[in-house]
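The values are calculated or read from the model by the stated rules, or taken from the named source; none is laboratory data. On a predicted model such as this, the values are computed, not experimentally measured, just so you know. Here the Cβ positions follow ideal geometry from the backbone for every residue, glycine too, while neighbour counts run over all protein chains shown. With ligands, DNA and RNA removed, areas are computed over all heavy atoms of the protein, side chains included. Shrake-Rupley method; radii C 1.70, N 1.55, O 1.52, S 1.80 Å.
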Amino acid sequence: MRQTILGVFVGLILSGVGVFWWQGRAQVETNAPPPPEVEDVAEAPEDELPEVDPGELVGPAPPKASELTREERRFFRYDRNRDRIITRNEMLSTRSDAFRKLDVDGNNLLTFEEWAVRTTERFEEMDADGNSRLNASEFATSAPKPRRTPACRC
């Protein structure tokens, strides 16, 4: 019984504080300066941006891009949150798409049957003549495609 009364009392206090805070915010918003008046809205085209003379104001300099080494780029592919530490989850996250393709029923468990079905499908795709054997040229079709590198580093 005491807990109920205490809960109601604390709730009333919190709601009273909330009302005063809300009214204080409303008072600040009513005293905000009015938006600038436009002399003739019909004359100004809608597609044109307003022009403002910045005077002698100068914005901040853009950040300088640093050239990353090949190893740093490889490191940052795994370091998703850029804290310069690779956690186990970050390391495994790059393989999650491949895992999801193998996990047919979507239960986040890869059974032997799911793996075997996909492996059998890949074998049948490689076996061009359908004799259930792979020769060297058929096996070569399973090699990963080489990445095309640009002619120049623009």
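Observations on the model:
- For beta carbons closer than 7 Å, sequence separation of 6+ or different chains, a first residue in the range 121-146 that is free of Cβ contacts under 8 Å to residues at least 40 places away in the same chain and of a type in the set (Gly, Ala, Ser) and a second that is open to solvent by less than 100 Å² (accessible area, probe 1.4 Å) and assigned to a helix (DSSP H, G or I), the qualifying pairs are ALA128/GLU138; SER142/MET126.
- Qualifying residue in the range 98-112 (condition: of a type outside the set (A, V, I, L, M, F, W, C), more than 23 Å from the chain's Cα centre (by Cα), assigned to a helix (DSSP H, G or I) and modelled with pLDDT of 85 or more): no
- Residues that are among the basic types (Lys, Arg) and surrounded by fewer than 11 Cβ atoms within 10 Å (Cβ to Cβ) within the range 80-121 comprise ARG82, ARG84, ARG88, ARG95, LYS101, listed in sequence order.
- ALA65 satisfies every condition listed in (1) modelled with pLDDT under 75; (2) over 30 Å from MET91 (Cα atoms) except (2).
- Qualifying residue in the range 80-92 (condition: outside any loop (DSSP other than H, G, I, E, B), without any contact (Cβ under 8 Å) to a residue 24 or more places away in the chain and in contact with a helix residue (DSSP H, G or I) (Cβ under 7 Å, 6 or more places away or on another chain)): yes
- Scope the range 112-129; condition touching a helix residue (DSSP H, G or I) at 6+ places or on another chain (Cβ under 8 Å) and not hydrophobic (A, V, I, L, M, F, W, C); matching residues: GLU114, ARG118, ASP127, ASP129
- Scan of the range 129-147 for residues that are open to solvent by less than 100 Å² (accessible area, probe 1.4 Å), out of contact with any Lys or Arg (no Cβ under 8 Å at 6 or more places or on another chain), of a type outside the set (D, E, K, R) and not in a helix (DSSP H, G or I), ordered by number: GLY130, ASN131, SER132, LEU134, ASN135, THR141, ALA143
- Only residues that are open to solvent by less than 70 Å² (accessible area, probe 1.4 Å), within 30 Å of SER96 (Cβ to Cβ) and not in a helix (DSSP H, G or I) were counted across the range 51-79, and they come to 2.
- Among the residues of the range 1-50, the ones that are modelled with pLDDT of 65 or more and in a helix (DSSP H, G or I) come to 23 in all.
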